[in-house]
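What follows draws every value from the coordinates through simple rules; no lab data is involved. Quick caveat, the model's predicted, so the values are computed rather than measured. Glycine gets a Cβ as well: all are built from the backbone with ideal geometry, and neighbour counts include every protein chain shown.
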């Protein structure tokens with residue numbers, strides 16, 4: 001009864017089976033109708049899931065290219081088949097269409113060891129073999145992606161653990177490296193200001209060189225002052241200098257604040273988020289009073305509009321920076337691993 005209803009519809013084949021589906025099912029060369037319907041339903045669900053995942057990626061910069069998925073090949077085939085045998089709205093697949101499409105899905109996903117048995121179900125075995133090869137090529141792409149992803153992750157891990165030169169050390173300090181860079185990289189300067197170690201002299205020396213540059217971003221200066229104020233380092237470092245009977249740190253801070261208030265720093269491209277600027281300003285004022293009392297004279301002005309957040313873009317430095325490890329080469333580029 002069911003088979004009779006299916007067979008009433010005419011069928012324009014995309015890739016013709018050896019015989020009408022009803023005959024091939026009866027001879028058990030094809031699985032029963034419910035099994036064919038199940039295979040198509042499963043494939044359709046995979047295509048839908050893949051389509052939803054793909055749409056979510058649109059408009060979002062992806063760190064890695066999307067992983068190849070056999071569902072995308074099934075979607076391509078659906079599009080091609082629909083051109084050959086369009087189905088009117090509300091109309092179901094005929095038995096021949098159902099059998100052919102389910103067998104095509106099986107064909108493109110069949111491994112090489114079993115391919116000939118499925119290819120033999122079609123009249124034109126050469127055309128069937130070409131279609132199977134499309135699936136085989138896709139499987140190779142999926143396998144290659146897995147290998148490339150593994151290599152990329154291993155390279156990234158290696159980079160994170162032991163980043164290669166250039167990095168500063170005893171005979172090539174950070175200032176020298178920054179000075180020799182062409183062009184200069186204010187984004188790297190900003191990263192150094194945000195990640196510096198206040199107790200590490202090489203970081204401090206580099207930052208004071210950075211603050212001598214007119215192209216230094218306002219957010220970079222603010223990051224340095226805000227960090228040192230919030231951690232209590234401003235007065236602590238002045239006190240440390242005072243014990244050695246000099247005022248180098250206090251004098252450098254004074255120059256930076258004067259330049260800030262005089263409009264020396266005009267670049268304002270970078271962002272800096274600060275959730276509690278009022279508390280940091282209070283800490284700065286308290287340390288400022290301590291410094292003035294310690295040195296016996298006022299040395300620092302109050303920087304105008306510095307204790308706030310700055311809108312802009314995130315820093316994108318040319319080199320990776322960690323104050324404990326120095327400058328490191330750029331991380332592995334996905335383009336070198338995924339074509």
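If one takes the longest principal axis of the Cα atoms in the chain, at what angle in degrees, from 0 to 90 and to the nearest 10, does the Cα axis of helix 233-243 lie?
Between helix and principal axis, roughly 40 degrees.
By per-residue mean of other Cβ atoms within 10 Å, what is the highest-first order of 93-106, 32-45?
Result, highest mean Cβ count within 10 Å first: 93-106, 32-45.
On a 0 to 90 degree scale, rounded to 10, what angle separates helix 186-195 from the longest Cα axis of the chain?
80
Kindly rank 221-232, 296-307, 281-292 from highest to lowest mean number of other beta carbons found within 10 Å of each residue.
Result, highest mean first: 221-232, 281-292, 296-307.
Could you work out how much longer the chain between residue 113 and residue 200 gets when fully extended? Use 0.36 nm per residue separation minus the Cα distance between them, nm to one decimal.
Extra length from residue 113 to residue 200 when fully extended: 25.0 nm.
Relative contact order, percent, of the stretch 229-305 when contacts are C-alpha pairs under 8 Å separated by at least 6 residues?
51
Any chance you could run the full-extension gain for residue 84 through residue 149? It's 0.36 nm times the residue separation minus the Cα-Cα distance, nm to one decimal.
Full extension from residue 84 to residue 149 adds 19.6 nm.
Kindly provide the helix-only [θ] at 222 nm of the chain, computed as the sum of -39,500 (n - 2.57) over DSSP H runs of four or more divided by all residues, to the nearest 500 deg cm²/dmol?
-18500 deg cm²/dmol
Output the relative contact order of the chain, whole-number percent, from Cα pairs under 8 angstrom with separation of 6+ residues.
Contact order relative to length: 19 percent.
Between residue 269 and residue 120, with labels modelled 7 Å along Cα→Cβ, what's the label distance in nm to one decimal, could you check?
6.7
May I ask you to derive the relative contact order of the stretch 174-328, considering only C-alpha pairs under 8 Å and at least 6 residues apart, and to give it as an integer percent?
Value for the stretch 174-328: 32 percent.
Taking R0 as 35 Å, what's the FRET efficiency between residue 292 and residue 333 from their Cβ-Cβ distance, rounded to 0.05?
E(calc), rounded to 0.05, equals 0.10.
Taking R0 as 25 Å, what's the FRET efficiency between residue 179 and residue 301 from their Cβ-Cβ distance, rounded to 0.05?
Efficiency computed from Cβ-Cβ geometry: 0.30.
Compute the long axis of helix 70-84 from its Cα atoms, compare it with the longest principal axis of the Cα atoms of the chain, and write down the angle in degrees, 0 to 90, nearest 10.
Helix 70-84 sits roughly 50 degrees off the main axis of the chain.
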